[in-house]
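Computed from the coordinates by the stated procedures, all read-outs in this text should not be read as laboratory data. Just so you know, these numbers come straight off a predicted model, no measurement behind them. All Cβ positions, even for glycine, are placed from backbone atoms using ideal geometry, and neighbour counts span all protein chains on display.
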Amino acid sequence: MQISISTGCLHHLPPDQIADMAVAAGFQCVEVLLNGGLMQNIEAMRLALRSRGLTVSAVHAPFYLDWLLSAPGKQDEAMTAASAVIEAAVQFEAPILTIHPGKSPPLGIPAREYIETAESNLASIRKAAAQQGMELLLENTAGLYFLGIKIAGQLASSPEEMERFLGPPDAPHMFMTFDTSHAFTIKNTTVDGYIYRMNSRIRSVHLSDTNGLTDHLPIGYGKLDFHRIFSALRNVGFNGNVTLELRPSLSSLEELRRNRILVETELL
């Protein structure tokens, strides 16, 4: 198991300062979030990490892909964008590419075509990533509910939705990155219950707290029961990558160190 920091915690900084902060906070690995600015600055980020002895545990696809992956009629555009993301991940020698499943359709529009479009695009991206020696992981997403009915968000937020994309527990064709803050928003399950249901299909974890309104908070700033979360991860035999994914405004050097030490104490 390894503990990483997401470059998204520090995306407001230039590459050299991101790498310096990661080292100062005691990290040896980073997950690279390919936000819009970084997609234009791949080489500078790669060199900054390499010169400081930091390895890349994973790459996170940019959020603009969310709007394309499930959009009917946008398959060519989605695959062009995904190809650029895979090429960037190859430059970082990343073993994992984490991706969101795509946006849900507007309220009142049947989801079937959106789901089938996302499934087709994800299958193509998974194949292209595998050809580069990279595993594609699907991240669970947040949901917005009204009177118990999901009214907004992305595909694959609930355990039931996620299982459609991953396949059955005994024969999955895809694995996932589990996000604790996102899981907290889902009705009719708990975060640790979600972990137990996904079990060995979890290959990577995005760790942060949430108060139900604001997500990606440092551990202890929100409502999550991390004793139960850490116990669940241990009990299902999780041994993958754990990435701290915190808001930039709360990613001080002291906070990054505190969260790293806490996670290492609980899981390593």
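Helical runs (DSSP H, four residues minimum) scored at -39500 (n - 2.57) apiece and divided by the length of the chain put the mean residue ellipticity at 222 nm at -12000 deg cm²/dmol.
Given R0 = 30 Å, the distance between the Cβ atoms of Val23 and His227 translates into a calculated FRET efficiency of 0.50.
If you count Lys pairs in the chain whose Cα atoms are under 27 Å apart, skipping same-chain pairs closer than 8 places in sequence, the total is 10. If you wrap the tightest convex hull around every Cα atom of region 1-82 and split its volume per residue, you get 96 Å³. Electrostatic tally near Arg197: other residues with Cβ closer than 13 Å to its Cβ, Lys and Arg +1, Asp and Glu -1, net -3.
Just how far, in whole angstrom, is region 4-80 from region 176-228 if you go by their alpha carbon centroids? If you average the Cα positions of each part, the centres end up 22 Å apart.
Label positions at Asp16 and Thr80, each projected 7 Å from the Cα along the C-beta direction, are separated by 3.6 nm.
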